[in-house]
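Quick note: the coordinates plus some simple rules give every number you see, no bench work behind them. Bear in mind the structure is a predicted one, so any value in this text is a computation, not a measurement. Using ideal geometry, Cβ is built from the backbone for each residue, glycine included, and neighbour counts are taken over all protein chains shown.
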Amino acid sequence: MTAVGVDIGGTKLMAVRLGPGGEVDGDSLYMAAPRTAEELVTAVLGSAQRLSGGGEPGSIGVGVPGLVDRTDTLVFAPNLSGAAGARIGSALRVGAPGSRIWVGNDATAACWGEFRTGAGRHASDMLMVTLGTGIGGGVVLEGRLIEGAHRFAGEFGHMVVDPNGPLCPCGKRGCWERFASGAGLGVLARELAVAGGAPGLTERAGGDPEHVKGEHVTAAAAAGDVAALEIMQKFGWWVALGLANLANLFDPAMIVVGGGLVGAGEVLMGPVRDAFGDLVEAGGVRPVPEVVAAILGPQAGAVGAGLMAANARG
């Protein structure tokens, strides 16, 4: 029976068909991201049927950008507010009564995908942190995905690392993602550019320092721009600070770093690793968790969701 995984992002939906080993079988299917619960269910069912050759798949897994509880209700979804409050799993079961269904957080799904078939496939205890516009993640301990009492575990981006820091969209101040996400990288870069310390970045932004973004920094750093490299060192420290806090909490063998920012490669991962060992507790004497880049890329969430659904109860 066909296993289908779907990842819903801020701008697009991606669906994949999985082979017997959890590998992606064929091309990914893309469409515009849904805005309402009805659109979401219709898009998921339609893409699953297409990938199954017009029939009903054996399983459908869906990763969504928000908090999904144990009734498969999308409780909180800032980037998918039109579907908040909907019992997505129940609606999918009505539309595909013969399919096993799993609905969960997109970063949690990506964690499971990397654990089963990606960078963490040889580890038994692993964390994944996704660095994008915000920060999400997941926890695997002794081979089990840990979702928490209400399935809300893995919201790493909202650890407070500076109670006097900038306001976060969640309503608190100083959340880790204000400093260590793509948005945080952009803030660091604009501060320096506005002060006149990053002419190369200002040039890349069309001459306006207020328009400097994170992608300008990573591209300039890869090209050897001194100011951009300095920004990446500072940014890498903020990333490492959160990773060290997580390592102290969970003692994983490995931390997999994913999300769009990982495309920067060693321009990002180098500074993170350099700072991590000094920030984690007893870094000089303990086994320090390996920090590696994710390898499944943008397919991780869809793969993980599909794998979760394939093993879900009917």
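Between Val187 and Glu142, what length comes free when the chain is fully extended (0.36 nm per residue of separation minus the Cα-Cα distance, one decimal in nm)?
12.4 nm
Please give the FRET efficiency for Ala282 paired with Asp25, using the beta carbon to beta carbon distance and R0 = 35 Å, rounded to the nearest 0.05.
0.20
Evaluate the distance, in nm, between pseudo-label points positioned 7 Å from the Cα of Ala195 and of Thr42 along their respective Cα→Cβ axes.
5.1 nm
Which residues in region 259-294 have a backbone N closer than 12 Å to a point placed 7 Å from the Cα of Lys234 along the Cα-to-Cβ line?
none
Residues of region 74-112 with backbone nitrogen within less than 18 Å of a virtual label 7 Å along the Cα-to-Cβ line of Ala32, please, listed as ranges.
79-83
Over what distance in Å are the Cα centres of region 37-55 and region 139-159 separated?
28 Å
From the list (i) 0.94; (ii) 0.99; (iii) 1.02, can you say which value of Rg/Rh (Cα atoms, Kirkwood Rh) was derived from the structure given?
Computing Rg/Rh (Cα atoms, Kirkwood Rh) and matching it to (i) 0.94; (ii) 0.99; (iii) 1.02 gives (ii).
Rounded to the nearest 5, what % of the DSSP beta bridges within the chain are antiparallel ones?
Roughly 55 percent of the beta bridges in the chain run antiparallel, per DSSP.
Tell me, what is the FRET efficiency for Val160 and Glu56 to the nearest 0.05, using R0 = 51 angstrom and their Cβ-Cβ distance as r?
For R0 = 51 Å, the calculated efficiency reads 0.65.
Pairs of alpha-carbon atoms within less than 8 angstrom and 6+ residues apart define the contacts here; what relative contact order does region 1-153 have, in percent?
For region 1-153, the relative contact order is 19 percent.
Can you give the calculated 222 nm mean residue ellipticity of the chain, where each DSSP H run of n ≥ 4 adds -39,500 (n - 2.57) and the sum is split over every residue, rounded to the nearest 500 deg cm²/dmol?
-11500 deg cm²/dmol
Net charge around Ala205, counting only other residues with Cβ within less than 13 Å of its Cβ (Lys, Arg = +1; Asp, Glu = -1)?
-2
Which trypsin sites (Lys or Arg not before Pro) in region 133-186 pass both tests, a DSSP loop state and at most 14 other beta-carbon atoms within 10 Å?
The qualifying sites are Lys172.
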